[in-house]
Amino acid sequence: MNFIANYTRGLLDRYLRSTIKETRECVMTPDSEHICVHEVTTDTFNRVVMNPDKDVLLLYYAPWCGFCKGTFHIYLTVAKYFSGISGILFARINADENDLPWEYTVEKYPTIIFFPAHRKAESMKFPQSLHLTTTNLLQFILTNAQFTVRWQAAAVMCNKKCVTQNFLHSLVEIRHHYIQQRSLLKQISFVHHKLYEMKLITDGKKRKKKHSLETVQQFQILEDYLKYLGLRIKNKRKAIIDTINLQDLLPKKVGFNFS
């Protein structure tokens, strides 16, 4: 009776199965003859799939699934296209032998889910209504991938005309980044000025009485906003550096320069 009551109330601990496999670091380079696909288990799921800095394409399969075997060739072909591209990982999991938390489980095999970098909660499933082909899977990845992965893929997969168009687009992109960076720096300067003014006012009131609750709250709001701006300017500078690096990479891939 206690078991039934605890089960009904959701008080029982869930034990997850995990296959025991010897895993090694999976790294693919552009000249590699082997395709790099991580074999994920319950124990390694968080470390590999939930890596915040990597886009991850995860294939759920089962050994008895006949359709899965037909999917492997397409999956491996697409993985080969992204060889040597940093920022994205290809992985698969035997979902019949590895339990996962309910929010990461699937109802049918094969299922392909894309876990974007920095936005793991916004994972996307490859549409069941869309026929699984190399072209469709490539488009699905490039639509949802982070900025650096898209640009590196453009450099690797594009011909000269495509690279030229993407290079010109990068010039517009980096100009947009610099405009946003200047706007953020102005906001940071303004907040610093407001904090300085409030500090002068509060220091003058120290001798008379304690600060009002409203003043303390305003001070805290400004400090929190300053931290938020600092994080945004850090990310913006990283985007600028990534774009500049990719501008250097694009011409090298096709053997000419834009100077």
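No lab work stands behind these numbers, since they all come straight from the coordinates. Just so it is clear, the structure is predicted and the values come from calculations on it, not from any experiment.
Its Cα gyration tensor gives the range 46-107 an equivalent ellipsoid, and the semi-axes of that ellipsoid, as √(5λ) in whole Å with the largest first, are 21, 18, 7. Normalised radius of gyration (Cα atoms, divided by 2.2 N^0.38 Å) for the range 99-187: 1.46.
When the pairs LYS69/LYS120; LYS54/LYS238; LYS54/LYS161; LYS161/LYS236; LYS194/LYS238 are compared against a 18 Å limit on Cα-Cα distance, LYS69/LYS120; LYS54/LYS161; LYS161/LYS236; LYS194/LYS238 fall above it. For the range 38-146, the direction-averaged projected area of the alpha-carbon convex hull comes to 6.4 nm².
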